[in-house]
Amino acid sequence: MSKVVTKNSVMSQLVALEQFLNQLKEDVEHAKYRRNQLVVQSLQDASEELASGFKNLAREKLSRAHLNIKLAWLRASYARQLFDAETVEYELGDGDYLELTEVETEFLPAAKVHFSYLESELKHMRSEIQARVGKAK
């Protein structure tokens, strides 16, 4: 069941999004390390979608404004997650974020079995897809 899009709901979502973007922009501006171009680009894209959302709201194109909001949240969320990951890496030091520094030998056999199973499942799915595509031609 989808919610009914109203002028008030679109307005409140736009305001919440604008606040989120402003906070993120402030965080990025105050970062003491190199700026990530993906974060900057995602922020610009989200800001453009936000502006389009406000324009569509003014034109009372609520469904279009709602789509702008969804796209802007997606881009803003991506920028926030990437920025947060970079912040963690900066705080820990280069090369320490999400990297395996020690190999736990006790987990290697189980991991190999699991990944072998996943690889065989992917190969099986690929062959099924190719068979279906071949039948469709």
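The values are calculated or read from the model by the stated rules, or taken from the named source; none is laboratory data. Just so it is clear, the model here is predicted, and its values are computed rather than measured. A quick note on method: Cβ atoms are made from the backbone with ideal geometry, for glycine too, and the neighbour counts reach across all protein chains shown.
Taken as a whole, the structure leaves LYS112 outside the set of residues that are at pLDDT below 90, surrounded by fewer than 10 Cβ atoms within 10 Å (Cβ to Cβ) and farther than 22 Å from LEU38 by Cα. Determine, yes or no, whether GLU60 is outside any loop (DSSP other than H, G, I, E, B) and among the acidic types (Asp, Glu). No. Scanning the stretch 17-40 for residues that are over 11 Å from ALA72 (Cβ atoms) and either aromatic (Phe, Trp, Tyr) or loosely packed, with under 13 Cβ neighbours inside 10 Å (or both) yields GLN19, ASN22, GLN23, GLU26, GLU29, HIS30, LYS32, TYR33, ARG34, ARG35, GLN37.
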